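A quick write-up on the structure given underneath.
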């Protein structure tokens, strides 16, 4: 079990010694027991950091935001930024470094192992608690310890954990500067791609009907894209402005832009958006599952990304987020590639 | 007009409304939404994921279609909404108050024929919230109440095995009259129970905005507060808060081209969203709301200051959706309280 004090001490130390310019972590928000992302710059704030089963967010997103803000301000900082990272978050950071979004020395990774646990799903917990309000939720071994007004409840963690965590192959952040918790990489709670396999057992007609129903529901709030650390492009095919407009951009360039996807939240446009996004995440998505968690209308987006991940794994033996210096899926080839087009 | 409806007879009432297309909350893939009533309607929903706003203000609406044959003048064909009557059951009081605010925007100050032709054919049958449907309800803070009838045609109150019905408008009266014998005259005990259920509902604990009356002036004084950036720090710039809001009404208009020879297509209105980073992007490339803080301030001040200055009421009705569904915990109650406490 992780002692949150160790994370706080590490953050305080780094800030106090001037080794980093900020620490991205989790704090308790105003919404009951849920954690929320925070960036602290003062060592005094370190005591506000928390660590529990509601630390859903992939904080690597804020490294991207930080980099964008620095670029906008045309600033080059002389100190790295520190980040609290779970196994999945650390893999995301590795992909970003692999893509040269920032350098290894720009980031100080405070790794935290999920050990035998992960993050919970609010509705799963609510169902098990039967109306009782949870005040806190911490994973202890294979159990989730929930504090309610009526006292402490111990639930099997696997019953409240997110699918992504159950299927996680790497709950330990391999890439780190400092790490807390045990490496339980071999824990295998549920076989990888279980949810995908369950879905693919359906007939083609059923799958098509299923996805039609899902995409009809999409309201195009773009939370899936906004929350994704890999969706860092300045231009996105789905935006009304599909390229960065600068003072020197001509009226003709603006007028002749191609609108690949209309703004209307209708099935055809929604499918084009989600399919494009899934393709652009192939070999990059590290299955943090944030897109699926934040979707307000419960579209199971993880299935799309899992599908691409499994294709890459089966056809090319590719594991996203495995190493900073390693080849990327779509920017590398092998001499023994069976495809003719490559030769 | 006040009546009693046996819960078992709700479907019979809906079936009797033959001139109306009826909608009620239904759950699909874990998402509550207003759907056409097929079979039995159940009103045991918490609140729907989206408010009923889309009935009068759909996320996508075609204004007109266009076609141009080379050498000829362009031909425009206006596409007005159909004239079907639609009635929505199970509307929560906060969402009905949202409708009142939408009316101010699209019916009072401008003559939005698309909004109005839909709106004029709508009826809303509300359901009082005996208990707050969400942990983030705060209707009492913004002039509402879990038993408010503002914006409704009929208010229903759950009395266990039956509903207590109160007609609020003439349309509501006619919906109830259509039910004929299905509706009974309430006994004195029914009225007494309804009153006590209402009193209990209003006494349920809710989250609170501490100084809603002082908010417009205090927010005005806080335009340059550093708190905006601090409170928006985690914002990811998605559109959940405003797309789920019962009162957000910003839109965009685009031409969707469907063919090139001859050129044809539709002029379409779609919802837009002040939280999207490119919402205020100018053609010059300049963006007057370049940061998450500037965009959060816009959302909050529109609801608690600008709208109040324009219409004398807060634009927020306290449904709590933007709080419950924010991916990173941005909480409008907390934001308003914090900024107004530190004002000037």
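The values are calculated or read from the model by the stated rules, or taken from the named source; none is laboratory data. This is a predicted model, so every value here is computed, not measured. Cβ coordinates were reconstructed from backbone atoms using ideal geometry, including for glycine residues, and neighbour counts include every protein chain displayed.
General observations
- All strands (runs of 3 or more DSSP E) inside the stretch B:1-55 with 1 or more residues being under 21 Å from the mean Cα position of the chain (by Cα), at pLDDT 95 or above and within 30 Å of residue A:294 (Cβ to Cβ): B:20-28, B:31-36
Yes/no matrix, rows are residues, columns are (1) outside the structural domain of residue A:10 (by TED's automatic domain parsing); (2) surrounded by 14 or more Cβ atoms within 10 Å (Cβ to Cβ); (3) free of Cβ contacts under 8 Å to residues at least 60 places away in the same chain:
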site: A:155; (1), (2), (3): yes, yes, yes
site: A:164; (1), (2), (3): yes, yes, no
site: A:181; (1), (2), (3): no, yes, no
site: A:196; (1), (2), (3): yes, yes, no
site: A:199; (1), (2), (3): yes, yes, no
site: A:206; (1), (2), (3): yes, no, yes
site: A:215; (1), (2), (3): yes, yes, no
site: A:234; (1), (2), (3): yes, no, yes
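- Given (1) closer than 30 Å to residue B:284 by Cβ; (2) modelled with pLDDT under 95, index of the condition residue A:228 fails: (2)
- Residue in the stretch B:121-137 that is without any contact (Cβ under 8 Å) to a residue 60 or more places away in the chain, out of contact with any helix residue (DSSP H, G or I) (no Cβ under 6 Å at 6 or more places or on another chain) and not in a helix (DSSP H, G or I) present: yes
- Residue in the stretch B:334-343 that is modelled with pLDDT under 95, facing chain A (nearest Cβ under 9 Å), over 23 Å from residue A:223 (Cβ atoms) and surrounded by fewer than 23 Cβ atoms within 10 Å (Cβ to Cβ) present: no
- So residue B:235, is it touching a strand residue (DSSP E or B) at 6+ places or on another chain (Cβ under 9 Å) and under 30 Å from residue B:138 (Cβ atoms): no
- Only listed residue being within 19 Å of the chain's Cα centre (by Cα), over 16 Å from residue B:58 (Cα atoms) and crowded, with 18+ Cβ neighbours inside 10 Å, chosen from B:105, B:87, B:142: B:142
- Within the stretch A:30-60, being over 20 Å from the mean Cα position of the chain (by Cα), without any contact (Cβ under 8 Å) to a residue 60 or more places away in the chain and not in a strand (DSSP E or B) holds for A:30, A:31, A:41, A:42, A:43, A:44, A:45, A:46, A:47, A:48.
- Where residue B:138 falls short, out of the listed (1) away from every other protein chain (no Cβ under 14 Å); (2) modelled with pLDDT of 95 or more: (1)
- Considering the stretch B:59-73, and only residues there that are in contact (Cβ under 8 Å) with a residue 12 or more places away in the chain and in a loop (DSSP other than H, G, I, E, B), the residue that is nearest to residue B:17 (Cα to Cα) turns out to be B:59.
- Residue in the stretch B:199-220 that is within 8 Å of chain A (Cβ to nearest Cβ), in contact with a helix residue (DSSP H, G or I) (Cβ under 9 Å, 6 or more places away or on another chain), buried (at least 16 other Cβ atoms within 10 Å of the Cβ) and modelled with pLDDT of 95 or more present: no
- When each of A:84, A:94 is tested for being at pLDDT 95 or above and not in a helix (DSSP H, G or I), the lone residue that passes is A:84.
- Just one of the listed residues (B:48, B:77, B:99) is in contact with a strand residue (DSSP E or B) (Cβ under 6 Å, 6 or more places away or on another chain) and surrounded by 14 or more Cβ atoms within 10 Å (Cβ to Cβ), namely B:48.
- For the stretch A:265-274, the criterion of being facing another protein chain (nearest Cβ under 8 Å) and surrounded by 15 or more Cβ atoms within 10 Å (Cβ to Cβ) is met by at least one residue.
- Considering the conditions (1) away from chain B (no Cβ under 14 Å); (2) under 25 Å from residue A:99 (Cβ atoms), residue A:277 is excluded by exactly one of them, (1).
- Scanning the stretch B:265-288 for residues that are over 30 Å from residue B:55 (Cβ atoms) and either at the interface with chain A (Cβ under 9 Å from one of its Cβ atoms) or crowded, with 18+ Cβ neighbours inside 10 Å (or both) returns B:281, B:282, B:283, B:284, B:285, B:286.
- Some residue of the stretch A:98-113 being assigned to a loop (DSSP other than H, G, I, E, B), under 18 Å from residue A:289 (Cα atoms) and touching a strand residue (DSSP E or B) at 6+ places or on another chain (Cβ under 8 Å): yes
- Matching entry among B:88, B:62 (being modelled with pLDDT of 95 or more, touching a helix residue (DSSP H, G or I) at 6+ places or on another chain (Cβ under 6 Å) and not assigned by TED's automatic domain parsing to the domain that holds residue B:326): B:88
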